[in-house]
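The values are calculated or read from the model by the stated rules, or taken from the named source; none is laboratory data. Since we're looking at a predicted model, the values are computed, not measured. Here Cβ is always computed from backbone atoms with ideal geometry, including for glycine, and neighbour counts include all displayed protein chains.
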Amino acid sequence: MPSQDLVLHDEEYQKIREVISRLRSECNAKVVFLVDKNGQQLAASGELESIDTTALASLAAGNVAATDSLARLIGEKEFSILFHEGERDNLHISVVGGRVILVVIFDERSSLGLVRLRVKRGSTDLAAILEVMMKKSAMPRKAAAGGSPFSEITDEDIDKLFSD
Amino acid sequence: MTFINYAAREINCKIVYYGPGLGGKTTNIKYVYEKTNPNSKGKLISLATETDRTLFFDFLPLDLGEIRGFRTRFHLYTVPGQVFYDASRKLILKGVDGVVFVADSQAARMEANLESLRNLELNLKEQGYDLRTIPYVLQLNKRDLPSALPAEEMKRQLAKKGEPMFEAVASKGTGVFETLKAIARMVLLELRKGR
């Protein structure tokens, strides 16, 4: 297998949540969230009620993937920041530690300059947490989790998923 | 690459529908979307051209319920089948946990099936995956068309490793859920193996 499974434990999850909540208040942003490059949402903070975060995660990852390819086509390593300006809301997308995508949604209560500055600082903290997370993900699951709950999945468990 | 979130007690898996253009990949996931309970599905996202050809991908998140205390989510993606969208197909295969190959049963499309299958093997390999080891299901779609080749003949040409094979008419829903169940089962059994 090319890439190991990604495992997020409570400890790192709480730390990630702390960093992104802090980032959200420092940026005066509406929403801050973190997505892995394959489109899985890791954590989110802010006014989430009106947003389909699953779809947003998938599209943000698609956007970054396409932009990365565009960058390579013209001989760039990457475009590290994507910025989409709307009439009311703006989207700031950046890659943290080469692995995950940090998305900040903000309106006129904030500014691009402020978001850029805070994201830069927040990214350093996030990169350190992600480093630990990747190391733990690489460990055999039994050692990392005190016994994997998945080793005992039965055929009946799987059948139940499709019962209705 | 399954994403296991112990904090939120969630498992997230990615399934990609692959195959030649106009073979019925989008029709498969549209049918799944239509027939799934609203509480168990998210929005169906289609990045398509004005003529409804998939441009980048379709995306459907499904929530299948709990397994061992973990919410089990499957993210279904389709790739654009048209040959010239290869760069997009490569991107969508990133982090894939299981692949469904949707083959077009019409005799005239056999060459397109074979080309798409070769392209799948190559693109998986580029990402470091091996078609022989990754969870994989073969679906023979459009079985209702008069020009459909016999299933045995298609199996002879397309089957790679004794993978589960399903005959389908995706536009009517025949075989769609059977295919999805089979790939989901294989992905979860892979998870059971762990590392």
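Computed values, structure above
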read-out: Per-region count, the range B:87-108, residues surrounded by fewer than 21 Cβ atoms within 10 Å (Cβ to Cβ) and within 27 Å of B:Ala148 (Cβ to Cβ); value: 3
read-out: Some residue of the range A:70-91 being away from chain B (no Cβ under 14 Å), buried (at least 16 other Cβ atoms within 10 Å of the Cβ), assigned to a helix (DSSP H, G or I) and within 19 Å of the chain's Cα centre (by Cα); value: no
read-out: Candidates A:Gly98, A:Gly146, A:Gly62 - the one that is exposed (fewer than 14 other Cβ atoms within 10 Å of the Cβ), within 14 Å of chain B (Cβ to nearest Cβ), within 18 Å of the chain's Cα centre (by Cα) and modelled with pLDDT under 95; value: A:Gly98
read-out: Considering residues of the range B:33-53 that are farther than 17 Å from B:Val176 by Cβ and β-branched (Val, Ile, Thr) only, the residue farthest from the chain's Cα centre (by Cα); value: B:Thr51
read-out: Qualifying residue in the range A:30-38 (condition: more than 29 Å from B:Lys90 (Cβ to Cβ) and in contact with a Ser or Thr (Cβ under 8 Å, 6 or more places away or on another chain)); value: yes
read-out: Residue among B:Ala108, B:Ala112, B:Ala151 that alone is among the small types (Gly, Ala, Ser), modelled with pLDDT of 95 or more, within 16 Å of B:Leu22 (Cβ to Cβ) and touching an Asp or Glu at 6+ places or on another chain (Cβ under 8 Å); value: B:Ala112
read-out: Unmet requirement for B:Phe84, which otherwise passes all of (1) within 23 Å of A:Leu73 (Cβ to Cβ); (2) of a type in the set (Phe, Trp, Tyr); (3) without any contact (Cβ under 8 Å) to a residue 40 or more places away in the chain; (4) touching a strand residue (DSSP E or B) at 6+ places or on another chain (Cβ under 8 Å); value: (4)
read-out: Scope the range B:125-144; condition within 19 Å of the chain's Cα centre (by Cα) and part of a loop (DSSP other than H, G, I, E, B); matching residues; value: B:Gln127, B:Gly128, B:Tyr129, B:Asp130, B:Leu131, B:Arg132, B:Thr133, B:Ile134, B:Pro135, B:Lys142, B:Arg143
read-out: Selected residue (criterion: farthest from the chain's Cα centre (by Cα)) from residues of the range B:7-32 that are surrounded by 19 or more Cβ atoms within 10 Å (Cβ to Cβ) and farther than 23 Å from B:Ala112 by Cβ; value: B:Ile11
read-out: Single residue of B:Lys41, B:Lys35 found to be among the basic types (Lys, Arg), at pLDDT 90 or above and surrounded by fewer than 16 Cβ atoms within 10 Å (Cβ to Cβ); value: B:Lys35
read-out: Residue in the range A:118-128 that is part of a loop (DSSP other than H, G, I, E, B) and more than 13 Å from the chain's Cα centre (by Cα) present; value: no
read-out: Residue that is surrounded by the most Cβ atoms within 10 Å (Cβ to Cβ) [pool: residues in the range A:29-52 that are in contact with a helix residue (DSSP H, G or I) (Cβ under 7 Å, 6 or more places away or on another chain) and polar (S, T, N, Q)]; value: A:Gln40
read-out: Number of positions in the range B:168-195 that are away from every other protein chain (no Cβ under 12 Å), free of Cβ contacts under 8 Å to residues at least 40 places away in the same chain and either crowded, with 21+ Cβ neighbours inside 10 Å or at positive phi (or both); value: 1
read-out: Filtered residues of the range B:145-191 (kept if over 22 Å from B:Pro61 (Cα atoms) and part of a helix (DSSP H, G or I)); value: B:Ala151, B:Glu152, B:Glu153, B:Met154, B:Lys155, B:Arg156, B:Gln157, B:Leu158
read-out: Unique residue being within 20 Å of B:Val32 (Cα to Cα), of a type in the set (Val, Ile, Thr) and more than 9 Å from chain A (Cβ to nearest Cβ) when the list is B:Val100, B:Val83, B:Val96; value: B:Val100
read-out: Tally, over the range A:1-27, of residues that are touching a strand residue (DSSP E or B) at 6+ places or on another chain (Cβ under 7 Å) and either closer than 17 Å to B:Ile4 by Cα or away from every other protein chain (no Cβ under 14 Å) (or both); value: 11
read-out: Qualifying residue in the range A:105-124 (condition: over 30 Å from A:Glu87 (Cα atoms) and either away from chain B (no Cβ under 14 Å) or modelled with pLDDT of 85 or more (or both)); value: yes
